[in-house]
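Colleague: Can you read through this structure? Questions will come right after.
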Amino acid sequence: MSDISPADKPWDLHRAQSDELAKIYALTGYKRYSERIGECSQLLTYALKATDDGEVKLKLREARFCRVRHCLVCQWRRSLMWRARFFKVLPEIQAKYPTGRWIFVTFTVKNCELTDLRITLNWMNAAWHKLIKRKEFPALGFVKSVEVTRKLEDGTAHPHFHCLMLVPAGYFKRGYISHAKWQELWQSCLKTDYSPRVDVRVVKSKTTSSKDGLNAFNDGMAQAVCETLKYAVKPSDLLADPDWLGELTKQLQKTRAISIGGCLKEFFSEDDPEDLINAEIQEEEKSEDECSLLFDWSAIVRRYKKSSGKKP
């Protein structure tokens, strides 16, 4: 498939990683997860389209996804879906809040034992709810995500929140919160005896008009959105240790990965139906005369290969 459409090369990587994950799940007692991931996205149906420049473009039309939380294919498609959702509504947000600005804030705590991850996340979420009720909290709306990384040396977990916040234009003149103040507020809500690390960055979100009439968002905004709406756990961490994966799966079961609050709830919701097929900013209507191509996953060569068969 990547020979026809180099842009779709990530499919090979994520599907190969999912094969490895399925094997690890089989070792940890999650047999059903292993089976579901093993069957995920084995067959892809694409529409073959030609661009105005004469290039060949593939558009995904059908695929069967397992939707296991840590499946590397589904995790990747889910991140693309969330990014597309955000960028689709961003022009509406900017139209309603034309003078609004964006900041990107990461909130952390000290590493915890993996067996204490659920308790730690509950504690962090309780502190977050306290934070957004503080009179100093500046955001009109926010998107918050959870990421958990694994410390190589001892296997402890490092949970942290990435938060993209829409703040009023006057934030930088009235009500501005310094880095030190953000740390103080977060520590106060956590009630810790140490100063937790907080990273605060201003996002430049100006738009320009692109040749196709769409808004082209600059690198700063794109980077902030991608960092907020990426994977919850790095693929390398998921594949590093079977025991760690098994305990992580137990700890994160039925926890929420993404939360939307404030005025942004008007534009989209974390409870919207999950669409892993259409994960692009610009959707294309299906035409009756479009040509379809099928691709089968080959675990032997670790690539998707063009299929000569028909859809089941």
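The values are calculated or read from the model by the stated rules, or taken from the named source; none is laboratory data. Quantities reported herein were computed from a predicted structural model and do not represent experimental measurements. As a convention, Cβ positions derive from the backbone with ideal geometry for all residues, glycine included, and neighbour counts pool all protein chains shown. Calculation scope for accessible area: heavy atoms of the full protein, side chains included, ligands and nucleic acids excluded. Shrake-Rupley method; radii C 1.70, N 1.55, O 1.52, S 1.80 Å.
Colleague: Looking only at the range 118-134, which residues are small (Gly, Ala, Ser) and surrounded by fewer than 16 Cβ atoms within 10 Å (Cβ to Cβ)?
Modeller: Ala126
Colleague: Out of Ala84, Ala7, Ala95, I need the residue that is within 16 Å of the chain's Cα centre (by Cα) and either over 24 Å from Ala232 (Cβ atoms) or of a type outside the set (Val, Ile, Thr) (or both). Which one?
Modeller: Ala84
Colleague: Please tell me if Ser41 is on the phi > 0 side of the Ramachandran plot, touching a helix residue (DSSP H, G or I) at 6+ places or on another chain (Cβ under 8 Å), open to solvent by less than 20 Å² (accessible area, probe 1.4 Å) and not basic (Lys, Arg).
Modeller: Here the answer is yes, as Ser41 does meet what is asked.
Colleague: Cβ-Cβ below 9 Å, separation at least six or inter-chain, first residue in the range 284-312 and among the small types (Gly, Ala, Ser), second open to solvent by 100 Å² or more (accessible area, probe 1.4 Å) and at pLDDT 60 or above: which pairs?
Modeller: Hits for this filter: Ser298/Lys305.
Colleague: Any residue in the range 12-30 that is open to solvent by 40 Å² or more (accessible area, probe 1.4 Å), farther than 18 Å from Leu245 by Cβ and without any contact (Cβ under 8 Å) to a residue 24 or more places away in the chain?
Modeller: Checked against the condition, which is being open to solvent by 40 Å² or more (accessible area, probe 1.4 Å), farther than 18 Å from Leu245 by Cβ and without any contact (Cβ under 8 Å) to a residue 24 or more places away in the chain, the range 12-30 yields at least one hit.
Colleague: Additional query: Looking at the range 244-269, which of the residues that are over 19 Å from Cys71 (Cβ atoms) and not hydrophobic (A, V, I, L, M, F, W, C) is surrounded by the fewest Cβ atoms within 10 Å (Cβ to Cβ)?
Modeller: Looking only at the range 244-269, we keep the residues that are over 19 Å from Cys71 (Cβ atoms), and these are 259-269.
Checking which are not hydrophobic (A, V, I, L, M, F, W, C) leaves us with 259, 261-262, 265-266, 269.
Working: Ser259: 16, Gly261: 18, Gly262: 15, Lys265: 13, Glu266: 13, Ser269: 11.
Among residues in the range 244-269 that are over 19 Å from Cys71 (Cβ atoms) and not hydrophobic (A, V, I, L, M, F, W, C), the one surrounded by the fewest Cβ atoms within 10 Å (Cβ to Cβ) is Ser269.
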